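This report concerns only the one structure given below.
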Amino acid sequence: MDRLRVFGAFFTISSVAFAQPALIEPPDYPPVQPGPGEVHDGASCFLLASGTMVPGDVDWVQLSIPWATTRTVVDVDFPAGSGSSVLLVSRIGGGTVLGLADSNNPRDTLCGLSGSTAPPGSPTDSAVEVGPTPRHSVLDIGVSGWPDTAFTGQHTHSFGYEVWVFINPILCTSDAGCADSVACTVDTCDVDTGICNSAANHSACLDSSYCNGAEFCHATLGCRLGAAVNCNDGLSCTIDSCNESLDSCVHSPIDDWCDNGTFCDGVEWCDVDLGCQSGAPETCDDGEDCTVDTCDPDIDDCVFTSSGDACDDGLFCNGQETCDPDSGCAAGGDPCPNEFCDEAGDRCVECVDDFDCDDGVFCNGAERCDLAAGTCDRGPAVVCDDQNDCTTDHCDAQTDGCTHAPDDGACDDGEFCNGTERCDAELGCMSGDAPCSDGFCDEELDRCVDCLSDEDCDDGVFCNGAERCNALTGTCHAGTTPCASPEQCNEDAQVCESNAMSIDIKPGQCPNVHKPQGNDFLKVAIVGSRRLNVARIAANSVLLGRADGTGSWVAPMERGHGRSSLLNDVSTG
């Protein structure tokens, strides 16, 4: 429905209209000051409300009249039409219904309305004569469509309407004229408006009881019971009561009402301000670090379960720890007997570093540990080569070192005469010393001898003959004299002489001798004397010797005269 418009003059009406089933008392709307109205014949006539009625609605409007009245009339105007009709009910403070439907009542004239207008003064209307009302009367006025005589909203038509009210007030002139039958009000007269004012005195209604609530004064109904003290604190675990002696509410906590029936979450309790509170969870601790302590809600008790994992220190190599429920954690055993333990890889291996692979044998090389596989790899054997061809290289396991034994035989070149070669451990092959410090060396027969040829036996002496070398024995044999008897051997001249005379003729001593030039001939003159008759010199009996010890026998040639002769020319070449 449309919002109900409310009007008023010199009195208070509610601010809105409302849909409400018939005969059900509407709520108490707060009063509002009325607007200006019109006065006819000393009485007030005013438009209270207007609206549009829709099917199924009941509109209610409340009217509060501050004066006592001699007459009050409520008139509803609505347009003419088929099925258009209005039912009206008026109640005072929820009391008896004073009137019902009426139509085309001539009381429209009370407000100066004529029946020729459509509203106000529409041909169709409904009016209720309320009659005299006491001061501060409150009227509930309901509007519904015809034929909804029970005010249940069962009508089927829509139409607009206006609610008009006529009142004939009784104005006051003094406080005495305002006295009413309500004992708890203080009644006074406003002589300017002629309105009596009644102020509620609530203290006059108090009965000194706390728990039944605070009594109050109603302006028309007098003292009314207050609402009983509500001690409900909204908590489910308290018993709420009102204590008259304390003039207050009492909230008694009941812990059992908080019990959730679960043992392990502790004992619940009731806090008077906060309600049920959780208890401290049940503490299940047997003091052993390696047991799993739990609370079993099925048996309402603690359970202590051994757990080896609780003892696990995270290390592989010290073995798997175990849990003894009585004594706690026990250390594990060696997981790698006769092996090494790789903590980083959580495994048993042959080695974890090179030292683990060392077999103590030097000569087979340094063993290495394959860290990825955890196994030992044999190293290459120790190489003892000193780069010396004449040493015998050997690895000595007793001394953990290399030995280099010299082998003289490796240096032998097969030659006798250059001596026996030897091996120096540092320098290699060394030449030997000559084996034949005296004499000669026979390479073919690997021996030392006095000679290898006749020349080796020559002692440089002419007169003892030419020495010979015995090839079989390698010894020298003395020669025989070169001079036959009776010849005499002239060592200086290296000639055999028989009564001969040796003359040492030197070039240049004779006046007729010239110096030799190149391959020129040396001309030697032998000059006779008393002792030497050159004519007696036999052929080839003159030995001409050179200063270098060589010479040749020459035959003299007679040239000249007297006792002189000239030897043949002898080549100096």
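Key figures
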read-out	value
Net charge over other residues, Cβ less than 9 angstrom from the Cβ of C249 (K, R count +1; D, E count -1)	-2
Tensor-based shape of the range 285-379 (alpha-carbon gyration tensor, a/c under 1.5 rounded, otherwise prolate or oblate)	prolate
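Each reported figure results from applying straightforward, stated rules to the coordinates on display, with no laboratory input. Since we're looking at a predicted model, the values are computed, not measured. So basically every Cβ, Gly included, is an ideal-geometry build from the backbone, and we count neighbours across all protein chains shown.
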